[in-house]
Structure formats: structure tokens, C-alpha cells
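Notes for the one structure printed next.
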Amino acid sequence: MLEVNLDVRRDKGNDKENKMNATERVFVSIYCMVYQDEFSKEMVNRMATGQEIYEFLIKDAGLCKDENNEVIPGDCNLWYLGCNDKYGILQYKNIIKQWDLGESSFDRVEAFISLLYLDKVFTDEQYRNLISRCYEGRQIDNMYLIRDYLISKRKGEVWVKKMTDSGRR
């Protein structure tokens, strides 16, 4: 498993006080424009638990298909938030992080995740998993290369990012 040095810390104090109630909901809006508006709108302007937000970020977007037009599993929603070429928004309560064409960033996604973690919306394990997925997404850093990355991963091959015209966002 990939280890990531976490520079965000929160008071460990009383575990009961540090855990958000599993049924407690917070307001979020998580969305980005992918292809022809194919990204899920499941987390747009809604109240959700930390577990629901976590599962949405980790969940496959289902947007990558192989040469047989079969969905390639593994393209998590979080990656599209960090490396899409259009616009998007990450909102938690009244804190809004948004971007325009070509301005997506895993720095912004990690800041959003860290904010939720510091407010005890995510558990330590969820936080580590999300930051690890961000690190993996940074290696791809282009939504148009996610498919190639997943195909290489499925074949057990080492994926090397190619800097071609289609490889730039």
C-alpha cells in the first residue's frame, strides 16, 4: 500500500468527541464538467454523511471504455475533480472552491478533503485513502489519460505518461 506523509493534523483527544456522528449530514456540492456533462450529479447541493461523501469520491465514474466499448473499472470520481479540462466546484458549507477551463488541480481537491477531515467528517482511514487516491491521480494528471492508465494497470504493465498533444490538458 502506498504511504503518504500526512501534514494535516487534528487533536486526537477524546475519540468520541473527534468522530462525527455517522448519521450527521453536512452540506456539500461536488461537481465537474466531464466530456458532455457525464459526471455524476449525485453530490450537487445536498446534505450527506461523511461516509456518503467518501464513497462518492472513491466510486468509479464509469466513464472509461475499452476498445470493445466495455466500461473499465477504476476511474474514481476524485480523479476527474483533480484533472478535468473544464470547470467544477467543491463546496463544503459556505466554503467554495471552484475553477474554470483548464484550472482543475489536485491541490484544490486535497484542500477540500483536508477541510472535511479537520471537521471530523472523514475518519483517519478515509482521509489516508482519499489522499492516496489523489497521489495516484496526480501521476495521471489528465482525464484523457485515465483510460490508458487503467488499461495498463489491468494488463499488469507499467504505465508511463506520454507527453503528446493529447496528453496535455
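What follows is calculated from the coordinates using simple rules that are stated; it is not laboratory data. Computed from a predicted structure; not experimentally measured. Counting neighbours? That spans all protein chains shown, and the Cβs are built from the backbone with ideal geometry, glycine included.
Label the stretch 24-167 by shape, choosing from rounded, prolate and oblate, from the square roots a ≥ b ≥ c of the eigenvalues of the Cα gyration tensor; if a/c is under 1.5 it is rounded, and otherwise prolate applies when a/b is larger than b/c, oblate when it is not.
Prolate, since a/c reaches 1.5 and a/b exceeds b/c.
Just flag the chymotrypsin sites (Phe, Trp or Tyr not before Pro) in the stretch 85-161 sitting in loop per DSSP whose Cβ has no more than 15 other Cβ atoms within 10 Å.
Passing sites in the stretch 85-161 are Y87, W159.
I need the phi-derived Karplus couplings for the stretch 84-98: 6.51 cos²θ - 1.76 cosθ + 1.60, θ = phi - 60°, integer Hz, Gly and Pro marked x.
In residue order, the calculated couplings are 7, 9, 10, 10, x, 8, 10, 10, 10, 6, 9, 9, 10, 10, 10 Hz.
Just in the stretch 75-169: which GluC sites (Glu not before Pro) are loop by DSSP and have at most 14 other Cβ atoms within 10 Å?
Within the stretch 75-169, the qualifying GluC sites (Glu not before Pro) (loop, at most 14 other Cβ atoms within 10 Å) are E103, E157.
With θ taken as phi - 60° and the coefficients 6.51, -1.76 and 1.60, list the Karplus ³J(HN,Hα) couplings across the stretch 35-45 in order, rounded to whole Hz; mark glycine and proline as x.
My calculation for the stretch 35-45 gives 6, 9, 6, 9, 6, 4, 9, 4, 10, 8, 6 Hz in order.
Net charge near D37, counting Lys/Arg +1 and Asp/Glu -1 over other residues with Cβ under 14 Å of its Cβ?
Cβ neighbours under 14 Å give a net charge of -1.
Taking amide H positions as placed 1.01 Å from N in the peptide plane, with prolines and chain starts having none, which residues 5 or more places from Y87, or on another chain, fall under 5 Å of its amide H?
Amide H neighbours of Y87: M33.
Counting Lys +1, Arg +1, Asp -1, Glu -1, what net charge surrounds N77 among other residues with beta carbon under 11 Å of its beta carbon?
Values: positive: K59, R133; negative: E42, E55, D60, D75.
Once positives and negatives cancel, what remains is -2.
For a 32 Å ceiling on Cα separation, which of these pairs sit above it: K120/K155; K41/K120; K97/K161?
K120/K155
I'd like the Karplus ³J(HN,Hα) series for the stretch 124-134: coefficients 6.51, -1.76, 1.60, θ = phi - 60°, whole numbers in Hz, and an x wherever there's a Gly or Pro.
For the stretch 124-134, the Karplus-derived couplings read 4, 5, 4, 4, 4, 5, 5, 5, 4, 5, 4 Hz, x marking Gly and Pro.
Can you list residues from other chains, or at least 5 along the same chain, whose modelled amide H is less than 5 Å from the amide H of Q98?
Distant-sequence amide H within range of Q98: L90.
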